[in-house]
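Please read the structure below before turning to the comments.
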Amino acid sequence: MVVVGSGVAGLTAALRCEAAGLTTVVVTKARLDDGSTRWAQGGIAAALGEGDTPEQHLDDTLVAGAGLCDEEAVRILVTEGPDAVRRLIATGAQFDESAEGGLELTREGGHHRRRIAHAGGDATGAEISRALVEAVRARGTRTIENALVLDLLTDADGRTAGVTLHVMGEGQHDGVGAVHAPAVVLATGGMGQVFSATTNPSVSTGDGVALALRAGAEVSDLEFVQFHPTVLFLGPDAEGQQPLVSEAVRGEGAHLVDADGVRFMQGQHELAELAPRDIVAKGIMRRMQERGAEHMYLDARHFGAEMWEHRFPTILAACRAHGIDPVTEPVPVAPAAHYASGGVRTDSHGRTTVPGLYACGEVACTGVHGANRLASNSLLEGLVYAERIAADIAESRTGNTLRARVPQPLPQSDRPEHPLLPPEARFAIQRIMTGGAGVLRSAASLSEAADRLHHLHAEARDALDENGKTAEPGVDTWEATNLLCVARVLVAAAQRREETRGCHWREDRPERDDTTWRRHIVVRLNPDRTLAVRTTDTTDFPPTLPPRPQEQ
C-alpha cells in the first residue's frame, strides 16, 4: 500500500500497516518532517486528566462544530483518543510532565477542562514528528522523499491501483514515475497556501484534495477554513507562512487587548479569550474594523521571563526574531488561514467514495470538526483515524496482498487531461482568495473571486484544448494547478452556504440558519472539469459508500 504524506496521520498509518504485516511505501513531497505536524505548537487534546471524560470532550467538540459535527465520528475520536495518545507515547513521543510525574495538561479555546498534552513547552508537533520519523526509520519502512504525488491510478472497475509521482532529485525535476498498489492513503495535510497569509508551511497546497477530486471522489465542507485568531502580525503585505502564537498562550492567561489596552472579548462569550476560534477571530476582526486598525494585541507581560522561556520558548524566539519581546510588550496579532475543517469525504474507517482510496488528517473530512475545529483536536484526529484506516486495510488483506492482487491500472492515455497553470498563477490565486474568500466574505466578494478564478481556469483550459499543451510540467506548476482546483471548490461551497456558521462568515448573511443550512455542501469534479455542487442532510454523513468487493 502507499501512504501519501508524512505527518502524524501518514506516519501513524504507515507504522500500523507495517505492524500488521503489510508492505508499505511512504511518499512525501519534501522531507519526512517537513509537513504541518512539525509546526503544531499547542498540543494534542484527549480526556487524560483527573475528572475529565470522553463525554465532556465530546460536548466541547460539538459546541465548537456549530451544529455540523457527525456525533458518531466525534464519539469515536474522544473514546479512542486517550489510548491512541498512550500508544504514541509508547512509540517514543515524550510529553511534558508535571512535578508529580503525570502528564502536564493545559487548556485552550473551547475546552472547559485542562486536557491538552504538550511537549517542549510549545513544540508538540516537532516532538511527535521526531518520534514517528524515528520509528518509521527504525522499522525500515520504504520512504520516497521529494516526490509530489500527481494523480490516482485506477483499474477498469474504478478501484485504486496506485499513484503517479513527480520525483525531484537534489532540486531538479527528474520526471514522472508510479507506484502500483491496491490501497492509497491520502495524508497530505491542508491547503493554507491558497491564501496569502497562513500558518501552513509552503508544501500545504491542497494536493490531496485536488488528487481526490480528479479521481472522482467527493469533498465536503471546504468552505469551513479556520483562521487562527492569533498569528504574529508582520505587516499588511506579509505573504506565505506566518509565525503562530499558540492558543495555549491564552490558555495560560494571556489577554487580547486593543491599542488602548482594553480587553474586548469580555462580554462576547462566557469563555472570553478562550471562546472557540471562530468567535475569537470574529471578535478581533470586528474590533479592528471599529478601530480602523490592522491588528490587535496579545498581552502576556504578566507571565514574566521565566514562564515565557520555560513554557513558550519557540514563540518567544519567533517574536524576538521579528523585533518583539513579549516579556516587556504586547504582541501584535491578526487572524490568518490555519486549518481546513473540510476535505475529502470519508466514513468512520477513512474510506472515500473511490474504492481503495483512504484519507486521514487535515486532508480528510470525517465529520469530526463540523463548521469549526476545536483546538488541538487535529493531531488526535490524525492519530485515531489513521489507526482505523490501518485496521480496515489489514482486515482486507488476503495473504500478504490486498484483495489477492494489485489491480491493473488503466493506461494514462485513457484518463482525461487537466490544464496546468504556470507557477506565477499561485500568487494570483492567493490574492484572489484573500480578498474574496478570507475571514470576511459576502455574495459580492465571492462572486468576484469566482469570476477571476474561472478566468484563470478558462485560460489554461483553452490553451490545452487548442494546443494540446499548457504550462511545462513541474512541481511549481502542479502546485499552482492544485491550488486553483481547491480554490474553485472552496468558493463554490462558500457561495452556496448563504449563512454565517462556525468559521464561515458571510457579512451579507450574518445569522446562523439551522432551518435551511444545517446541511453539508458536497462537491465533485465532472469529467468536463466543471463542478457538481449539492447539499446533503446531516444524517447523510458519513457518505454511503459502494460495497466492498468480494475477496478473490
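State which residue is modelled with the highest pLDDT when the search covers only the range 162-178 and only residues that are farther than 26 Å from Phe427 by Cα and over 25 Å from the mean Cα position of the chain (by Cα).
Top of the filtered list is Ala178.
Return the residue satisfying two criteria in turn: it lies in the range 437-461 and is among the acidic types (Asp, Glu) and without any contact (Cβ under 8 Å) to a residue 12 or more places away in the chain, and of such residues it is surrounded by the most Cβ atoms within 10 Å (Cβ to Cβ). I'd like the intermediate steps shown before the answer.
At the first step, the residues of the range 437-461 found to be among the acidic types (Asp, Glu) are 448, 451, 459.
When the remaining residues are screened for being without any contact (Cβ under 8 Å) to a residue 12 or more places away in the chain, the result is 451, 459.
Numbers: Asp451: 12, Glu459: 15.
Selected residue: Glu459.
Could you figure out which of (1) out of contact with any Pro (no Cβ under 9 Å at 6 or more places or on another chain); (2) within 22 Å of Gly192 (Cβ to Cβ); (3) outside the structural domain of Val384 (by TED's automatic domain parsing) isn't true of Gly253?
Looking at each condition in turn, Gly253 falls short on (2).
What are the residues in the range 193-223 that are of a type in the set (Gly, Ala, Ser) and either out of contact with any helix residue (DSSP H, G or I) (no Cβ under 8 Å at 6 or more places or on another chain) or closer than 20 Å to His349 by Cα (or both), if any?
Gly208, Ala212, Ala215, Gly216, Ala217, Ser220
Residues in the range 107-124: is at least one surrounded by 22 or more Cβ atoms within 10 Å (Cβ to Cβ), part of a helix (DSSP H, G or I), touching a residue at least 12 places away in the same chain (Cβ under 8 Å) and under 20 Å from the mean Cα position of the chain (by Cα)?
For the range 107-124, residues surrounded by 22 or more Cβ atoms within 10 Å (Cβ to Cβ), part of a helix (DSSP H, G or I), touching a residue at least 12 places away in the same chain (Cβ under 8 Å) and under 20 Å from the mean Cα position of the chain (by Cα): present.
Name the single residue, out of those in the range 481-526 being small (Gly, Ala, Ser) and assigned to a helix (DSSP H, G or I), that is nearest to Ala458 (Cα to Cα). First the steps, then the outcome.
Going through the range 481-526, the residues small (Gly, Ala, Ser) turn out to be 487, 492-494, 502.
Filter again for assigned to a helix (DSSP H, G or I), leaving 487, 492-494.
Numbers: Ala487: 14, Ala492: 16, Ala493: 20, Ala494: 21 Å.
Filtering first and then ranking leaves Ala487.
Any chance the range 137-148 includes a residue that's at pLDDT below 95, buried (at least 24 other Cβ atoms within 10 Å of the Cβ) and under 20 Å from Pro419 (Cβ atoms)?
yes
Restricting to the range 26-69, name every residue that is in a helix (DSSP H, G or I), under 30 Å from Asp514 (Cα atoms) and either without any contact (Cβ under 8 Å) to a residue 60 or more places away in the chain or not hydrophobic (A, V, I, L, M, F, W, C) (or both).
Once the filter is applied, which keeps residues that are in a helix (DSSP H, G or I), under 30 Å from Asp514 (Cα atoms) and either without any contact (Cβ under 8 Å) to a residue 60 or more places away in the chain or not hydrophobic (A, V, I, L, M, F, W, C) (or both), the range 26-69 yields Pro54, Glu55, Gln56, His57, Leu58, Asp59, Asp60, Thr61.
Within the range 421-436, take every residue that is surrounded by fewer than 21 Cβ atoms within 10 Å (Cβ to Cβ) and farther than 18 Å from Asp237 by Cβ and give me the one that is nearest to the chain's Cα centre (by Cα).
Pro423
Residues that are at pLDDT below 95, farther than 23 Å from Ala254 by Cα and under 23 Å from the mean Cα position of the chain (by Cα): does the range 81-91 have at least one?
No, there is no match, as no residue in the range 81-91 is at pLDDT below 95, farther than 23 Å from Ala254 by Cα and under 23 Å from the mean Cα position of the chain (by Cα).
Read through the list (1) of a type in the set (Gly, Ala, Ser); (2) touching a His at 6+ places or on another chain (Cβ under 8 Å); (3) assigned by TED's automatic domain parsing to the domain that holds Met285, then give the number of the only condition that Ser220 fails.
Ser220 satisfies all of (1) of a type in the set (Gly, Ala, Ser); (2) touching a His at 6+ places or on another chain (Cβ under 8 Å); (3) assigned by TED's automatic domain parsing to the domain that holds Met285 except (3).
Can you report the number of residues in the range 430-459 which are in contact with a helix residue (DSSP H, G or I) (Cβ under 8 Å, 6 or more places away or on another chain), farther than 21 Å from Lys29 by Cα and in a helix (DSSP H, G or I)?
16
Would you point out which residue out of Leu525, Leu490, Leu531 is crowded, with 19+ Cβ neighbours inside 10 Å, modelled with pLDDT under 95, under 28 Å from His418 (Cβ atoms) and not β-branched (Val, Ile, Thr)?
Leu525
Might you check whether a residue that is surrounded by fewer than 24 Cβ atoms within 10 Å (Cβ to Cβ), in contact (Cβ under 8 Å) with a residue 40 or more places away in the chain and under 29 Å from Thr539 (Cα atoms) occurs anywhere in the range 264-277?
The answer is yes; a qualifying residue exists.
Return the residue satisfying two criteria in turn: it lies in the range 494-505 and is modelled with pLDDT of 95 or more and over 17 Å from the mean Cα position of the chain (by Cα), and of such residues it is farthest from Leu440 (Cα to Cα).
Taking the candidates together, the pick is Arg496.
Thr328 - would you say it is buried (at least 18 other Cβ atoms within 10 Å of the Cβ), touching a helix residue (DSSP H, G or I) at 6+ places or on another chain (Cβ under 9 Å) and polar (S, T, N, Q)?
So Thr328 fails the test.
The values are calculated or read from the model by the stated rules, or taken from the named source; none is laboratory data. Keep in mind that this is a model prediction, so the values were computed, not measured. No Cβ is skipped: glycine too gets one built from the backbone with ideal geometry, and neighbour counts run over all protein chains shown.
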